[in-house]
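Take a look at the structure set out below.
Rule-based calculations on the coordinates, nothing more; no lab input. Quick caveat: nothing in here was measured; it's all calculated off a predicted structure. Neighbour counts run over all protein chains shown; Cβ positions are idealised from the backbone, glycine included.
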Amino acid sequence: MLSADEGSVMAVIEARGLGKSYGGKPAVVDLSFTVEPGSVTGFLGPNGSGKSTTMRLMLGLDNGVGTTTFDGMPFVGLRDPIRQVGALLEAQPFHPTRSARNHLRMLAAAAHIPPTRVDEVLELVGLSSVAKGKPKKFSLGMGQRLGIAAALLGDPHTLVLDEPSNGLDPQGIQWMRQLLRSLAAQGRSVFVSSHLLSEMALLADQLVVLGRGHLVATGPMADFVAANARTQVVVRSPDMPVLGPALESRGATLAEQDGAWTVGGLSQTEVGDLAHEHRVRLHELATQRATLEEAFLDATGLSQEFIGGPVPRGGGEAVPDEPAGGSGGVETAPDPAPSGGATVAPDPAPSGGATAVPRTTREGQR
Amino acid sequence: MIAALRYEWVRLRTLRSTWWIAALAVLVPAGLVALLAINVSINDFEGFEDVVTAVVLTQGAVLGPPLLVAYVTALVGVFAFGHEYRHGMIRATLTTVPRRGHVLTAKVLVTAVAVALMSLVSMLVGLALGLLLSGGLVDAGAATTWQVIGGVVAYCTLFALTGLALAAIFRNQIAALVLVLLAPTVVEQIIAAVLIIPDALNSLEFLTRYLPYDAGSQLYKPSNVINLGSFLGPEPLSPLAGGLVLLIFTGVLLAVAYALFTERDA
């Protein structure tokens, strides 16, 4: 297994002001973030948001603006870089007829890594049986495992991995997750990109969220979810014509789907107490936690993009499917955006529109 | 720099193509040398040992045709950068050895040594076959023998390095390959023809002496061997001056390759 040199496995990645344009079109704009050791930092963004470009800038493969340092040193200045930073980039860089073992031996030769270590990492990624196999005969997943073996070859304190679970089967993805978590637990810095939210939700402690080349948020995953998608209470009741107005008079927002009402702005306890006050029957009362996906869609503004133009806001706007006669005190400015099945984003701050969410998040996290 | 050299050396020797190039570079010329040596042995060339030796060892290239072994070993140079871009290896290379100047320098040095060794072995095997089969006409002690061998080794090395530079400049193996094959055999011939034939351009005729691959080929053409090319056009450069022209040409190509390689995104 990997051996962590106690004490020396501490490395901070600091990216400052990264930027890159392709033919005048900005791909990454003024991107700054920090990756701390001892945790998995997820680099999240839709396809085409600039994640790969950012990683290439960090490793000095692309020319652009800004600096990235690994323990204070830019990548190009590192001595035996693969002993310090293990990298996996999107397309697999293997000569089709050079065996897996020879590929790793070539990398090892540059950093005085003994050949025994090559067999060790092949064992670790489960490729021992095809060590002499040629990459042209490898599946996508096998290629990905070889790429991970290459990244781990120098037992580096920092890992920069672009979509490492690409092409892996479910078992492989789980293996990868456990591997990266254990590497982080040893005190290493693990920076891993993905466009798969469900994967990231299980893997990362910290997040760097990118949208269209811009930083959308950084900070702990839990904070990001809490800040970008509020928890809601789901209510089923045959007496909604009574309960609905009562909830709205307390400042709640309401939305109905398939007979279930989503209540925003009140806690489960408050809704239960209110139902009791009005002697209303409840068939269901549950708290629905926001998922990373919802938070992500909110933060990157993609939910809006897919729905269409901006939805008019203001006190007079009615919640869709509002029960008859229930328009009692709707001064609370409910957010009427019915995002296609994802989430109804109630907005407790009346001035804050959907577009303001990323901004407040960013400032709040820094 | 040591890291880059070690990387490049393992890269080269773990490529299957390196070994078949080496085999071709030795075996194909050896076969031709054997045929030529047997051919001269049954003819009467007494007294022309130095000319016969030069013709046999270069498989006739001293008389003007292309030097076969140089085209084989040039593949080593073309692949040195061609594979980097063809298979995305450049990312593995630069995340292992991030200093691009080191990467390019290591490639130049390792390619030069590998090609020099391959062409030297090829020539020595040819010499051995010539000594065995030519009935004494191929002469290791002849004045020009070692000049021919040294010239071939130097020419092959510079030739391969131009292939390396072209692959780095175009980031395309096929483009570099086509250029390396056609530049000496077709492009330079067309330029020479244009410069020599019309009267109006007679004053520019001297330029044909400086066509780099042709000038470089003087390295292995002893002055006492008749050069068919010199029937037309001006007197060719001396071996050293010709070699210098090819050396400068190679240096310019490598400088362009370096400038582009350090500037571009990988």
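For helix B:173-182, report the angle its Cα long axis makes with the longest principal axis of the Cα atoms of chain B; keep it between 0 and 90° and round to the nearest 10°. Compared with the principal axis, the helix lies near 20 degrees.
D by Stokes-Einstein for segment A:57-153, Kirkwood Rh over Cα pairs, 4 °C, 1.567 mPa s: 91 µm²/s.
What does the convex hull of the alpha-carbon atoms of chain B project to on average, in nm²?
14.8
Extending 7 Å from Cα along the Cβ direction at A:V234 and again at B:N39 yields two label points whose distance is 8.9 nm.
Can you check what the net charge comes to around B:T208, using other residues whose Cβ is under 12 Å from the Cβ of B:T208 (Lys, Arg +1; Asp, Glu -1)? Taking every Cβ under 12 Å from that of B:T208, the sum is -3. The fewest-to-most ranking of A:W261, B:W146 by surrounding Cβ atoms within 10 Å reads B:W146, A:W261. With contacts taken as Cα pairs under 8 Å and at least 6 residues apart, segment B:12-129 reaches a relative contact order of 41 percent.
Scaled to the compact-protein estimate 2.2 N^0.38 Å, what is the alpha-carbon radius of gyration of segment A:198-259, rounded to two decimal places?
Taking N as the residue count of segment A:198-259, the ratio is 1.66.
Note on A:83-95: average number of Cβ atoms from other chains within 10 Å of each residue's Cβ is 4.
The residues A:Y22, B:Y220, B:Y7, B:Y258, when put in order of fewest to most other Cβ atoms within 10 Å, stand as A:Y22, B:Y258, B:Y7, B:Y220.
Ranked for footprinting exposure by Cβ neighbours inside 10 Å, fewest first, B:L109, A:L161 give B:L109, A:L161. Normalising the Debye intensity of segment A:94-251 to I(0), with uniform scatterers on Cα atoms only, and taking log10 at q = 0.15, 0.18, 0.19 Å⁻¹ returns -0.88, -1.11, -1.18.
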